[in-house]
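The structure under discussion appears below in the form of structure tokens.
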Amino acid sequence: MLQFSILEKYVFLFLLVSALSIFTVLAGKLLAVVKQGAKDPDRLSAPGARFLRIVREVLLQSRVVSGRPIVGLLHTTVFLAFLLFLFETVNMFLEPFGLGYLHGFLGDSLQTFRVFVVTVAVFCTVSMVGLTLRRFVLVKISPDPKSYESGFVALLIILLMLTYIDMNATNFVAAKVNWWLHVVIILAFPAIILNSKHRHIFLAPIAVYLRKFRLWDVPRMNLDFESVKSEDEIILGLETISAIPWKLRLDMLACVECKRCTDNCPASIAGQKLRPADFIKTGQKVLLTGDREAAVIGTVITEEALGQCTSCMACENICPVGIEHSQLLAGSKAAQTLALGTGGVATEFLKAVNNYSNPFSAAPDVRSGLIDELEIPLFKKGETEFLFWMGCVWSYNSDFRSAVAATNKLLKAAGVSFGVLAAENCSGHHSRRQGEEMQFQMLAEENCAQFMEQNVSRIVTGCPHCVNTMRYEYPEFLGGHPMEVTHHSELFSRLVGSGALNVNPGTGNGKRVTYHDPCYLGRYERVFNEPRTLIGVAGYSLVETVRNKDRSYCCGGGAAGFTREAVGEQRVDQVRKSHIEETGADTLITACPECKMMLAGTVEETKDIAELLLETIEDTS
Ligand code: SF4
Ligand code: SF4
């Protein structure tokens with residue numbers, strides 16, 4: 001055990017108190033930035049599930065490893081070493097006062113423990129060298145920018161490991177020298193970490209714990225202006241920095257600048273201006289300047305970039321530190337539409353929904369004509385089980401007649417009790433994504449009133465956008481009325497599984513088809529297997545696109561993308577079409593009307609999953 005003179009004890013005590021003071025001051029400044037944020041409710045519900053998420057994403061580093069396995073494993077090694085070293089660090093800090101606890105605690109096992117920690121320190125050193133080489137030498141394959149700040153921190157971590165290894169194994173330098181070097185580096189860390197992106201060590205676990213349970217979970221805006229006590233309570237989106245809620249502030253401060261979000265953003269990949277990592281980092285810089293009155297649009301995110309977002313949530317879904325990009329995107333869109341009244345990119349869409357209750361400016365008899373022609377039953381209150389929600393594309397776009405017809409025939413063949421409403425409004429999904437909260441709330445209120453009046457408790461629809469909105473955003477308008485919303489692929493998968501639909505496994509005859517995961521069915525609802533199962537049982541051979549399932553690439557239709565003009569080097573749908581062409585399949589299977597609308601014509605034929613299923617059912621008769 002090392003012996004310390006009185007002078008050494010005082011010097012160490014002085015350094016320790018200084019480091020703690022610096023840490024407290026810097027942490028206080030960051031806390032003040034977060035505390036200035038607007039309200040953000042429901043961040044503490046379901047503590048058990050949040051704790052499990054911490055275990056999965058923080059302790060086991062699941063998001064860090066997935067997608068970048070080698071770098072992720074190197075980072076995980078450093079993280080686990082950091083946790084292990086906490087025991088040694090506290091022990092070293094107590095040693096000068098004769099209070100080191102490890103010896104008393106571990107007894108004869110201390111030596112074995114130190115051998116283990118030395119081994120971990122070697123792995124940590126190798127990992128840090130690997131990460132540093134990737135950033136500074138393998139610049140061509142590294143998505144991270146050359147950051148000298150990161151280089152300096154890496155050097156300090158390597159020195160920490162080397163001093164520990166030498167103190168306990170190699171003994172090139174006197175143990176006391178190693179001890180002082182080690183301790184001084186640790187005490188320098190608070191100032192370095194809290195002033196840099198390395199503050200994620202403290203903030204990321206908090207951001208992960210507080211993250212919402214689903215993507216784009218944006219609170220309903222209070223538009224009942226008479227109910228508020230003061231004008232300050234009226235927040236029409238993120239007009240200025242002062243409106244940014246506290247969790248989004250915490251998120252911005254926690255960003256580790258890994259750029260995973262940008263690397264997976266379809267607009268960024270297509271060469272457009274939108275870069276999620278950039279607006280989070282810029283937001284952080286603006287927050288730290290303390291300017292509360294700066295405009296969000298123009299300062300944090302440009303109007304052009306905001307207009308390119310498809311709401312696909314590839315960014316939020318992949319962020320390893322729990323950042324919710326949707327809060328900034330949705331808030332900025334709302335400010336654009338409700339407070340500023342300029343800069344929106346789907347004005348024609350919103351006007352059409354306003355005037356016709358559908359985005360195609362179609363007369364209601366287009367839909368009623370289709371219902372008559374295909375002999376789709378009407379929903380009968382108290383008798384019908386499922387409401388078949390057609391959605392705008394299936395109701396008014398004649399190209400989708402075959403998908404509606406297939407769904408109608410399949411539901412009849414399976415003996416499902418179903419029917420459609422005589423009249424249907426748009427669900428309001430895209431209105432909300434475009435920040436037109438007033439229009440969304442009006443549509444949701446009208447639709448929910450009709451559901452309650454007709455006593456609808458089960459809905460099946462082919463539109464994942466409607467599934468998402470009705471499943472999660474309608475309950476607030478249903479006043480406790482129970483509602484189950486199912487995508488047709490989920491229901492068909494169940495009907496095939498139960499034998500209610502009889503498939504012919506030879507229909508496909510091994511023909512190669514490819515499948516495009518819709519963002520709102522895959523990433524949002526985690527429905528990956530059901531459409532694939534239906535393709536498989538019908539005897540087709542599925543060739544996956546380069547980006548599939550969780551990492552699927554948007555078709556470009558989200559956030560009313562099918563009606564707005566896309567700019568930039570390439571359109572998002574063009575990139576996706578190239579992925580589909582690369583599979584070499586002649587048939588593309590979709591499970592979303594908007595995806596089919598965006599991607600039709602890429603290969604020989606494009607079919608909704610219902611059309612593919614109907615062919616195999618008819619093949620059995
Ligand atoms: S927002 Fe998340 S994914 Fe994007 S750079 Fe920051 S930490 Fe990485
Ligand atoms: S939601 Fe999709 S399009 Fe929008 S910023 Fe995120 S990744 Fe990009």
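Annotation for Arg50 and Val184: the two label points, set 7 Å from Cα along the Cα-Cβ direction, are 4.2 nm apart.
Per-residue ellipticity at 222 nm from helix content only, as computed over the chain with -39500 (n - 2.57) for each DSSP H run of at least four residues, stands at -15500 deg cm²/dmol. Dipole orientation for segment 1-120: of the candidates Leu52, Val90, His75, Leu52 has the Cα lying most toward the positive pole (charges on Cβ; Lys, Arg +1; Asp, Glu -1). Dipole orientation for the chain: of the candidates Asn408, Tyr356, His481, His481 has the Cα lying most toward the positive pole (charges on Cβ; Lys, Arg +1; Asp, Glu -1). The magnitude of the dipole of the chain, with charges of +1 and -1 set on the Cβ of Lys/Arg and Asp/Glu and taken from the Cα centre, is near 2120 debye. Each peptide in 367-378, 408-419, 255-266 was scored by the mean count of other Cβ atoms within 10 Å over its residues; highest first, the order is 255-266, 408-419, 367-378. Compared with the dominant Cα axis of the chain, that is its longest principal axis, helix 69-94 is turned about 40°.
Each part gets one Cα centre, and for segment 346-390 versus segment 236-257 those centres are 39 Å apart.
Contact order for segment 319-369, expressed relative to its length and based on alpha carbon pairs under 8 Å spaced 6+ residues apart, stands at 15 percent. Using a 4.7 Å Cβ-Cβ cutoff, the cysteines of the chain lacking any partner cysteine are Cys124, Cys255, Cys258, Cys265, Cys309, Cys319, Cys392, Cys426, Cys448. Computed on the chain, the Cα convex hull volume stands at 187 Å³ per residue.
Residues Phe12, Phe93, arranged from fewest to most other Cβ atoms within 10 angstrom of their Cβ, appear as Phe93, Phe12. Enter the Cα centre distance for the pair segment 506-560 and segment 412-476, rounded to the nearest angstrom. Centre-to-centre distance over Cα atoms comes out at 24 Å. Only Lys, Arg, Asp and Glu carry charge here, each on its Cβ (+1 for the first two, -1 for the last two); on that basis segment 130-265 has a dipole of about 680 debye about its Cα centre.
Cross-link reach is defined here as a Cα-Cα straight distance under 18 Å, omitting same-chain residues fewer than 8 places apart; for Lys549 the lysines meeting it are Lys577, Lys596. Sorted on the mean count of surrounding Cβ atoms within 10 Å across their residues, most packed first, peptides 473-479, 107-113 read 473-479, 107-113.
Computed from the coordinates by the stated procedures, all read-outs in this text should not be read as laboratory data. Values in this document were obtained by computation on a predicted structure and should not be read as measured data. Please note: Cβ atoms are built from the backbone with ideal geometry, for glycine as well, and neighbour counts cover all protein chains shown.
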